[in-house]
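For reference, the structure is listed below as structure tokens.
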Amino acid sequence: MCVESDGCELEGCGSSDEVRTLSGSMSPTLRSSPDLRSCRPGQKFRAALLKCKSPVAAAGILSFGNVLNYMDRYTVAVFICSFMVAAPIFGYLGDRFNRKIILSCGIFFWSVVTLSSSFITKEYYWLFVLSRGLIGIGESSYSSISPTIIGDLFTNNTRTMMLSVFYLAIPLGSGLGYILGSSAKEAAGDWHWALRVSPVLGITAGTLILFFVPEPKRGSADHAAGRLKTPWTCDMKALAKNRSYVFSSLASAAVSFATGAFGVWIPQYLFRAQVVQKSVVPCTQEPCSSKDSLIFGAITCVTGLLGVLIGAATTRLCRQKTERADPLVCAVSMLGSAIFICLIFVVAKKSIVGAYICIFIGETLLFLNWAITADILMYVVIPTRRATAVAFQGFTSHILGDAGSPYLIGLISDNLQKSYPGSDLWKFLSLGYALMLCPFVIVLGGMFFLATALFFLDDREKAERQLSQSTTSPSSIKV
């Protein structure tokens, strides 16, 4: 038997002598209190809802929303500019106002706009582009704020594990987006149907966030009792001086560069490889076969799952050996990924199966660092400026990464093709030469993670010192 905070008796709570409330413990004498009464149905339902507001349930709901975020993003990716512009704004809001309200409003907004955009005809293409831009605004609120809630619910290895679950959404949602876009077009004969699935799930996720995700105090998991709120300009100056944050953000941009280019061009590259091998005929009329997109999407889902889980487990193990485990694991995985991605362009001409194996290993290593990068940020940035830090890290990743990498690869390939415009072999080779830029960028990202390892301990100590000062004397904090 348990007692809710308003004095209602709850059934099925065990046989302990101590009577517990949802917010703490009460004296055993409360059992005999005349105010104790049976709960009304509405009160029992409210108590059940409160029980569901556990940190683990909150992390699961936020992860589900993030899957939808990336699934919708990679169905029709034309809104990256508005996403980048809106992210810093939501980072500012996320450090100062109720985060779960902002999250719910953002997910409801993007779901409604996505569904509405699916009914826009080609005569109003400009309106479709505008609607996708609005979706970017809604989704930027989610990407900027959600990780900070998880950061305030968990700490240390538990936080790493929960962030790993959350960041599974990047490869999983991206892969599902590729699959959804290709499958909907073939099944219904109209790609617009791909935009009518995620809104229903999005509204469901927004409702779950509103009712079941708590709003923890900023820094509660780090036992920061004092307030660390500082002006936005001070936050930006502090982040710019935080070397671990800057280098890990640049490394994250390198990952984004590669994944953005691969998502657009690898399926087409593999199709051209099969044309060279004479196993398929060139596609001269739309719609072309989507088999390679489906296979690549499936590989992305599986490698994302493996990569994030292996990354979390490896980091947890390596922390027993060195305190710099987080950035070092990221650096080694990036450098290893570059090797296998280079091999894709070596074996693709002779063996498609061999190319898929290299893609599998290369992507698994590449996806190792997503959750770890977020965990590095949680260690070196104080809680009250984490939303701003996440937002600007995302901004940097997009503006230096996937916002331009597909276009850059396409531009290089098109210019190379001009030498032999009618040759299928040269179309294949020119795209491969352009994609070879990606492993070089990945190596550069690995070097940035090595630089992060140099400064990680100092920056983490500074953040811990600020938290300690906020607990003892908030007025003495210097930014």
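The values are calculated or read from the model by the stated rules, or taken from the named source; none is laboratory data. Here the structure is a predicted model, which is why all the values come from computation and not from measurement. A quick note on method: Cβ atoms are made from the backbone with ideal geometry, for glycine too, and the neighbour counts reach across all protein chains shown. Ligands, DNA and RNA are stripped out before the accessible areas are found, and what is left, the full protein with its side chains, is counted by its heavy atoms. Shrake-Rupley method; radii C 1.70, N 1.55, O 1.52, S 1.80 Å.
Residues that are free of Cβ contacts under 8 Å to residues at least 60 places away in the same chain, under 18 Å from S249 (Cα atoms), part of a helix (DSSP H, G or I) and touching a helix residue (DSSP H, G or I) at 6+ places or on another chain (Cβ under 9 Å): does the range 315-328 have at least one?
Yes, that holds for at least one residue.
For the range 385-396, what are the residues that are open to solvent by 10 Å² or more (accessible area, probe 1.4 Å) and among the aliphatic types (A, V, I, L, M)?
The one that is open to solvent by 10 Å² or more (accessible area, probe 1.4 Å) and among the aliphatic types (A, V, I, L, M): V390.
Confirm whether G202 is modelled with pLDDT of 75 or more, under 19 Å from the mean Cα position of the chain (by Cα), surrounded by 22 or more Cβ atoms within 10 Å (Cβ to Cβ) and under 25 Å from C105 (Cα atoms).
yes
Only one of these conditions is not met by R272: (1) modelled with pLDDT of 90 or more; (2) of a type in the set (K, R); (3) over 18 Å from L457 (Cα atoms). Which number is it?
(1)
Suppose the filter is within 24 Å of P214 (Cα to Cα), open to solvent by 20 Å² or more (accessible area, probe 1.4 Å) and not basic (K, R); does L134 pass it? Working first, answer last.
Numbers: within 24 Å of P214 (Cα to Cα): no; open to solvent by 20 Å² or more (accessible area, probe 1.4 Å): yes; not basic (K, R): yes.
Taking the combined requirement at face value, the residue does not satisfy it.
Restricting the first residue to the range 61-82 and requiring it to be closer than 14 Å to L176 by Cα and surrounded by fewer than 24 Cβ atoms within 10 Å (Cβ to Cβ), which pairs with a second residue that is of a type in the set (K, R) and at pLDDT 65 or above meet a Cβ separation below 9 Å and a spacing of at least six or different chains?
V76/R132; A77/R132
Take the conditions modelled with pLDDT of 85 or more, open to solvent by 60 Å² or more (accessible area, probe 1.4 Å) and touching a Ser or Thr at 6+ places or on another chain (Cβ under 6 Å) and apply them to L317. Does it pass? Don't jump to the end; show me each part of the working.
Values: modelled with pLDDT of 85 or more: yes; open to solvent by 60 Å² or more (accessible area, probe 1.4 Å): yes; touching a Ser or Thr at 6+ places or on another chain (Cβ under 6 Å): no.
For L317, the condition - modelled with pLDDT of 85 or more, open to solvent by 60 Å² or more (accessible area, probe 1.4 Å) and touching a Ser or Thr at 6+ places or on another chain (Cβ under 6 Å) - is not met.
Of the conditions (1) aliphatic (A, V, I, L, M); (2) open to solvent by 10 Å² or more (accessible area, probe 1.4 Å); (3) within 22 Å of the chain's Cα centre (by Cα), L408 fails just one. Which one is it?
(3)
Would you mind stating whether D459 is open to solvent by less than 10 Å² (accessible area, probe 1.4 Å) and either outside any loop (DSSP other than H, G, I, E, B) or of a type in the set (S, T, Y) (or both)?
Values: open to solvent by less than 10 Å² (accessible area, probe 1.4 Å): yes; either outside any loop (DSSP other than H, G, I, E, B) or of a type in the set (S, T, Y) (or both): yes.
So D459 fits the description; yes.
Could you go through the range 424-436 and let me know if any residue there is more than 30 Å from D235 (Cα to Cα) and out of contact with any helix residue (DSSP H, G or I) (no Cβ under 7 Å at 6 or more places or on another chain).
Checking the range 424-436: at least one residue is more than 30 Å from D235 (Cα to Cα) and out of contact with any helix residue (DSSP H, G or I) (no Cβ under 7 Å at 6 or more places or on another chain).
Are any of the residues in the range 207-216 of a type in the set (S, T, N, Q), open to solvent by 10 Å² or more (accessible area, probe 1.4 Å), part of a helix (DSSP H, G or I) and at pLDDT 70 or above?
Within the range 207-216, one or more residues are of a type in the set (S, T, N, Q), open to solvent by 10 Å² or more (accessible area, probe 1.4 Å), part of a helix (DSSP H, G or I) and at pLDDT 70 or above.
Mind counting the residues in the range 430-447 that are over 26 Å from I170 (Cβ atoms) and surrounded by fewer than 21 Cβ atoms within 10 Å (Cβ to Cβ)?
1
All but one of (1) within 22 Å of the chain's Cα centre (by Cα); (2) among the aliphatic types (A, V, I, L, M); (3) over 30 Å from R96 (Cβ atoms); (4) open to solvent by less than 30 Å² (accessible area, probe 1.4 Å) hold for L270, so report the exception by its number.
(1)
Looking at the range 352-380 only, could you name the residues that are closer than 25 Å to M236 by Cβ, of a type in the set (V, I, T) and touching a Gly at 6+ places or on another chain (Cβ under 9 Å)?
I372
Taking the options A238, A251, name whichever one is under 21 Å from the mean Cα position of the chain (by Cα) and either modelled with pLDDT under 90 or not polar (S, T, N, Q) (or both).
Step by step, each of A238, A251 is checked, and only A251 is under 21 Å from the mean Cα position of the chain (by Cα) and either modelled with pLDDT under 90 or not polar (S, T, N, Q) (or both).
Matching residues to (1) modelled with pLDDT of 90 or more; (2) over 18 Å from F247 (Cβ atoms); (3) not β-branched (V, I, T):
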residue: A338; (1), (2), (3): yes, no, yes
residue: N369; (1), (2), (3): no, no, yes
residue: T384; (1), (2), (3): no, yes, no
residue: Y420; (1), (2), (3): no, yes, yes
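Picking from F360, F367, which residue would you name as being hydrophobic (A, V, I, L, M, F, W, C), in contact with a helix residue (DSSP H, G or I) (Cβ under 8 Å, 6 or more places away or on another chain) and crowded, with 21+ Cβ neighbours inside 10 Å? Outline the logic, then answer.
Numbers: F360 fails: crowded, with 21+ Cβ neighbours inside 10 Å.
Going through F360, F367 in turn, just one is hydrophobic (A, V, I, L, M, F, W, C), in contact with a helix residue (DSSP H, G or I) (Cβ under 8 Å, 6 or more places away or on another chain) and crowded, with 21+ Cβ neighbours inside 10 Å: F367.
Which is in contact (Cβ under 8 Å) with a residue 12 or more places away in the chain, closer than 28 Å to L250 by Cα, open to solvent by 20 Å² or more (accessible area, probe 1.4 Å) and over 14 Å from the mean Cα position of the chain (by Cα), of I399, I376, I382?
I399
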